[in-house]
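The values are calculated or read from the model by the stated rules, or taken from the named source; none is laboratory data. Here the structure is a predicted model, which means the values were calculated and not measured. Every residue, glycine among them, receives a Cβ derived from its backbone with ideal geometry; neighbour counts consider all protein chains shown. Protein only, heavy atoms only, side chains kept; ligands, DNA and RNA dropped before computing areas. Shrake-Rupley method; radii C 1.70, N 1.55, O 1.52, S 1.80 Å.
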Amino acid sequence: MKGNQFARDNAKSSEAAPDSFAAEAEEAFRQFVIRPEFPCLGAKAAFHSGASILRTYGELGSSEATSELSADLGDFTRSELRHASEYATFVAIFHGPQNLDELQFEELLWQQLGAVHRGDAALFDWDPSVRSDPVDPHFSFSFAGQALYVIGMHANSSREARRFRWPTLVFNPHEQFVRLREEGKWNRMQETIRTRDRELQGTINPMLSEFGETSEARQYSGRVVQEDWRAPFKAVERKCPFAH
């Protein structure tokens, strides 16, 4: 079943998240990240330093979630936290759909990113430091003119480190990785994370690569994709109103 069809079939039960969902999801995600075996040191640092912002939504890919997520992402990109902390993180947790398989989640992830981008493109250009073509090795998602690395999580992910109860998108400013490299911290942190991931999973995530080697779009959903896979995403081509 296609992801968008799955979403429509489940819309009645999860289009709007209940009021109690926010508190439950926030505590569940906190416990998910701070558990000793969780491999991502950056996520742990974000939680321990108060550098994470978590928001909850209804249906992944829905128009309501798109509107709310766009507003919250905009607030995050303009926040003092985003500029002050090298581990600033925005976490978006969706109440549904439940029981997505990896292909369904991947389709909805890109459906959601595409919907957010189309609204954003009316106001902002793509971050010029990265590329908008998801095949390009220097691709990164962009919102409000700022490059963002996206990590997808869901209940049926093949990667234990991404296996979370609800569909979730985690956004990290790309400049964080640039700054960590410039400060000489990135290689050591990356090696430690990969070692911890191997201890948790038994293997290193085969999709991981250095920025500029292959497109990071291949990493977003967490699914192992084929060599010829292409993200179902096309950036809006903005045209200067005076060009004609």
With all protein chains in place and a 1.4 Å probe, residue 220 shows an accessible area in Å² (nearest 10) of 0
Under a 1.4 Å probe, counting only protein heavy atoms, residue 56 has an accessible area in Å², nearest 10, of 40
Per-residue accessible area, 1.4 Å probe, largest first, puts 55, 35 in the order 55, 35
Over the stretch 105-161, with neighbouring protein chains present, the accessible area per residue in Å² at probe 1.4 Å is 35
With all protein chains present and a 1.4 Å probe, the order of 64, 86, 227, 26 from largest accessible area down is 227, 26, 64, 86
In the neighbourhood of residue 74 defined by beta carbon distances under 14 Å, the net charge of the other residues (Lys, Arg +1; Asp, Glu -1) is -1
Where a ≥ b ≥ c are root eigenvalues of the Cα gyration tensor, a/c under 1.5 meaning rounded, otherwise prolate if a/b exceeds b/c and oblate otherwise, the stretch 50-109 counts as prolate
